[in-house]
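Any read-out appearing in this document is the output of simple, stated calculations on the displayed coordinates, not a laboratory observation. Because the structure is predicted, anything quoted here is derived from the model rather than measured. We place every Cβ from the backbone using ideal geometry, glycine too, and count neighbours over all the protein chains shown.
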Amino acid sequence: MLLQGGKSTIAVEQIIGGSMLTGSIVALVTPFTQQGNVDFNALEALVNWHCEAGTDAIVAMGTTGESATMSHDEHILVVSAVAELAAGRIAVIAGNGSNATAEAVHLTERMASLPIQGFLNVNPYYNKPSQRGLLAHYKACAEASDLPQLLYNVPGRTAADILPEQVAELAQIPNIVGIKEATGDVARVALLKQLCGDDFILLSGDDGTGCEFMLQGGHGVISVTANVMPAQMKAMVAAATQGDAPTAKAIDAQMAVIHEAMFVQSNPIPVKWALSLMGKLEANYRLPMTEPELLQQQHIEQALKQAELI
């Protein structure tokens, strides 16, 4: 059963209990044609691949989806298409962030009636708001829809770091149900658990430290690596969230070369190049993103070979 914004057919508590926003979540790329349009055929193939590989959820139109270069109409069209293609087989989380609160609220309102399971809302980028500004931003977005919302803290991309004490304040809002922590600071897991409670969803947004994040008590990952190794990421997350450290670390070690290669240039430049080498899409980008430099192309290719993906 799916959620409809404004008229929820599943309570927020059921979403958390049913783990619809936890586990191995892919930060999905957006395929483009050479003409710069969304490649819906490639998008369908990617969604089907993740369903078959056991990925727990898809984030559509996040950073990896090149949301910052998309018009609002394109953004909503891609989320709608992913939800339709998923057809209830896999949870869909829509990116609803913007550096302007009014735009984030507008996007949230426009997508609230789509068959999605929640939103992922990034810290407003470029503006460098205060903690008070971050609180006001997230509260406004939470009021725009009763669908569950995940905070997204990635200071390296936004120049804003929402601190655990402010996260705890936002956790009191019923439909703010968790956070994607992309600081790489695993020590935050214990502090967030202490401040926000065990029911607040903690997701790693840093592939390199994601395994340890979950072994410390996190509930899953929103992953770039999952774009190219979905089955392996699913297996690692399952082991880590069950506390099976030896298995989780062994699988994570196999993915380490990909974790590193996916960030030799700004995301999603490397991951789209990798997927093109794997035959999943054409390596087309929206400016200002361009294809990797030759040395990075060679690095990514070598990593894929080492991981036996090509």
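With an a/c value of 1.5 or above and a/b larger than b/c for the gyration tensor axes a ≥ b ≥ c computed over the alpha-carbon atoms, the stretch 43-181 is described as prolate. The antiparallel fraction among DSSP beta bridges confined to the chain stands at about 5%.
Applying 0.36 nm per residue to the separation of Ala102 and Trp49 and subtracting their alpha-carbon distance, the gain on full extension is 15.6 nm.
Taking a ≥ b ≥ c as the square roots of the eigenvalues of the alpha-carbon gyration tensor, the stretch 137-178 is classed prolate because a/c is 1.5 or more and a/b outweighs b/c. Debye-formula intensities of the stretch 15-111, expressed as log10 I(q)/I(0) at q = 0.16 Å⁻¹, are -0.65 (one equal scatterer per alpha-carbon, no solvent). Once the Cβ-Cβ distance of Val38 and Tyr126 is raised to the sixth power relative to R0 = 35 Å, the FRET efficiency obtained is 0.90. Candidate cross-link partners of Lys305 among the aspartates and glutamates, defined by an alpha-carbon separation under 15 Å and a same-chain spacing of 8 or more, comprise Glu260. Under the criterion of Cα pairs below 8 Å and six or more residues apart, the relative contact order for the chain equals 19 percent.
On a per residue basis, the convex hull of the C-alpha atoms belonging to the stretch 129-269 measures out at 111 Å³. Taking label points 7 Å from Cα along the Cα-to-Cβ direction, Ala168 and Ala136 give a separation of 2.4 nm. The equivalent ellipsoid of the chain has semi-axes of 27, 23, 19 Å, largest first, where each one is the square root of 5 times an eigenvalue of the Cα gyration tensor.
For the pair Asp244 and Leu309 in one chain, pulling the backbone fully straight at 0.36 nm per residue adds 20.9 nm over the alpha carbon distance.
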